[in-house]
Amino acid sequence: MLNLSRWWDRRHLAIAIFTVVSITLYLLLRFAWGAEESTARWFLWASLGVGGGPLVAELTIRLVRGQFGSDLLAGISIVTSVLLGEYLAGTLVVLMLSGGEALEAFAVRKASSVLDALARRMPSIAHKQTESGISDIPIQEIQIDDVLVVFPHDICPVDGVVIDGHGSMDEAYLTGEPYRVSKSVGSDVLSGAINGEAALSIRSVRLPSDSRYARIMEVMQQSQQQRPQLRRLGDLLGAYYTPLAVAIALVAWFLSGEVVRFLAVLVIATPCPLLIAIPVAIIGSISLAARHSIIIRDPAVLERIDRCRTMIFDKTGTLTYGEPKLVEQHVDPGFPPEEVLRLSASLEKYSKHPLSTAIIKAAESSQLTLLPADSVQERPGEGLLGTVDNRQIQVTSAKKLMLAQPDLRIDVPPSTGGLECVVVIDGKYAATYRFRDEPRREGAAFVGHLAPKHGFEKVMLLSGDRFSEVEYLGQRVGITELHAGKSPEEKLAIVREETARAPTVYVGDGINDAPAMVAATVGLAMGQRSEVTTEAAGAVLMDNTLGRVDDLMHIGRRMRRIALQSAVGGMVLSLAGMLLAAMGYLPPVAGAISQEFIDILAVLNALRAAWPQGELSDYGEQLPE
């Protein structure tokens, strides 16, 4: 039963393949091997029967239901070509129609694979701690208050709280936080987070079905079910073209009393510019996008993106680089700034803390020579401790320092709400280091050009990060509409609300962005950090730069322009031919030949979409380093 269902879903692909084989054999028999027309024609009849029959039946059902577009006229053309004896022309129409349907079905299957990617990412087993040791159990058997061990680099199977161990987890896919989050006894952990270098023992606080990752899967499923169905560009044009062509054919028949005029009009009215030129322009644009390191997963992205009027950015990894940078050093006057940085970076070499890399890079950029450290400890609640150059160094948070040494409160400056740490040397406050996920150099220029160059009326920043971080980024890149601390469910609700008002583009890179990507008119994934995000996006930007977003917008605009030129131009020429046929100046055979010339012109113009282009981006200055 499953195989039958799978075949039915892919029937148009099977028809297209069968038709290609039939046309190839017909041409070989007729022109290569010199067979009689009556003999070679059997392959065309087979294709029209096996492929054309079911397609015409489907189109008839749609017509009864009041659904029609450019493909309806193709169905009429198939029947007309059989009546006229133009079997090759009819078979070509079958190929065009089935090929277009197969391409659309492929896009739908790709869209539904997002949930499969989510399910594949989660582990199927968990490591349960019992009195007799560690045993593996299916993830579905986890109960509240079970003690589980999360090994290094494993994915956390359930929401819980750490009861033993000290390490860090990568929650960026889930929360939007750009850094690895330190975990110690009492820390909350989220299902779907990636553990760091140290094993952690956790106590489950929710069932797997109620955990954070399961909720993301649930909202993903909802967003797919409610995804707006936009009509194809060809259907939009065909909705006007098809009734007009049929009306001209009927009027010609009625006024002349000659059925041959009805047939002649429909032959030249065959909407090949719609059925061929538009797909050719789309495929050419997909090829052009690939040469610009953009993978088009849903061809409809190219049709829609130029009509979008709201741009929504996730913060981490899109407008920022997704890694912390030391941006402010508040050093006590009693200590030389370079010496404090040298000592703290020397100690941080031995740390797994998320901010250690930023401190080390700051020291390296200042060309400071790092020193060996001794007696390095990283105990929960105390931060990082050690001895460097015979001096006691501690790197910790202001909150932890106040609890351990309240007498230093007067020396420590007030927290600004962002990421920061304090450095203590020989028991004395030495410095406060503040960190930011810095905006991309091109961020402000890119955001600034969206309205004048691409017609965007609203630009939003939507993040799971803290408001102070979101506000800082918004000020740097010029975005005033800010939404901070949002869960995937809240992001989805906001994107749905905005999409109901105007077509939207959502740019993100984490699993927590996947539901919003699916709900937006166009979802774009920056890089390939997550298979789930890649599956959810309509296009994947392989080069993790905003310039690729701009390239895609230009490619989409160019594709739409060329496709419209080919389709509308072809229809205008076909309309002229229909009028001639209606007046009796263009018999069916001459009309079929004329239509072929129109098709060639339309397709040649559509092929321009694949021609290599120079630099597409049109925004100017970048932020200074």
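The values are calculated or read from the model by the stated rules, or taken from the named source; none is laboratory data. Since the model is a prediction, treat every value here as computed from it, not as a measurement. Virtual Cβ from ideal backbone geometry, glycine too; neighbours counted across all protein chains shown. These area figures cover heavy atoms from the full protein model, side chains too; ligands, DNA and RNA do not enter into them. Shrake-Rupley method; radii C 1.70, N 1.55, O 1.52, S 1.80 Å.
Using only the Cα atoms of the range 536-615, build the gyration tensor, take square roots of its eigenvalues as a ≥ b ≥ c, and label the shape rounded, prolate or oblate: rounded if a/c is under 1.5, else prolate if a/b is larger than b/c, else oblate. It comes out prolate by the Cα gyration axes.
Within the straight-line cut-off of under 17 Å between alpha carbons, the aspartates and glutamates reachable from Lys428 are Asp332, Glu338, Glu339, Glu382, Asp389, Asp407, Asp411, sequence neighbours fewer than 8 places apart in one chain being disregarded.
Sorting 429-437, 195-203 by their mean Cβ neighbour count within 10 Å, with the most densely packed peptide first, gives 429-437, 195-203. For Asp465, the residues whose amide H sits under 5 Å from its own are Gly485, Lys486, ignoring neighbours fewer than 5 places away on the same chain, with H placed 1.01 Å from N.
Centre-to-centre, using Cα atoms only, the range 20-80 and the range 292-330 are separated by 45 Å. Within the accessible surface of the range 322-437, defined with a 1.4 Å probe on protein heavy atoms only, the carbon and sulfur portion equals 50 percent. Computed over protein heavy atoms with a 1.4 Å probe, the carbon and sulfur contribution to the accessible area of the range 143-206 reaches 49%.
Mind ordering 147-153, 473-479 by average Cβ neighbours within 10 Å, highest first? Write down the numbers at each step before the final one.
Working: 147-153: 16.7, 473-479: 20.0.
So the peptides 147-153, 473-479, ranked by packing, come out 473-479, 147-153.
Rounded to 0.05, the FRET efficiency of the Arg10 and Lys428 pair, given R0 = 60 Å and the Cβ-Cβ distance, is 0.25. Label zone (Thr39, point 7 Å along Cα-to-C-beta; backbone nitrogen cut-off 19 Å) within the range 16-30: 22-30. The modelled label-to-label distance between Val185 and Ser256, using points 7 Å beyond Cα along the C-beta direction, is 9.4 nm.
With a Förster radius of 25 Å applied to the C-beta separation of Val572 and Glu615, the computed FRET efficiency comes to 0.15. Mean sequence separation of contacting Cα pairs (under 8 Å, at least six apart), scaled by the length of the range 322-437, corresponds to a relative contact order of 31 percent.
From the cross-link list Lys183/Lys491; Lys183/Lys400; Lys315/Lys486; Lys315/Lys361, which pairs have alpha carbons spaced over 19 Å apart? Mind showing how you got there, number by number?
Numbers: Lys183/Lys491 26 Å; Lys183/Lys400 14 Å; Lys315/Lys486 11 Å; Lys315/Lys361 23 Å.
Check vs 19 Å cut-off fails for Lys183/Lys491; Lys315/Lys361.
Between Val21 and Glu339, the distance separating the two model label sites (each 7 Å from Cα on the Cα→Cβ line) works out to 8.4 nm.
Please give the peptides 32-38, 421-427, 388-394 ranked by average Cβ packing (other Cβ atoms within 10 Å per residue), highest first, as a rough proxy for protection. Could you put the intermediate results ahead of the total?
Numbers: 32-38: 9.7, 421-427: 20.1, 388-394: 16.6.
The most tightly packed comes first, giving 421-427, 388-394, 32-38.
Compared with the alpha-carbon gap, the fully stretched path from Ala198 to Ala590 is longer by 133.4 nm at 0.36 nm per residue.
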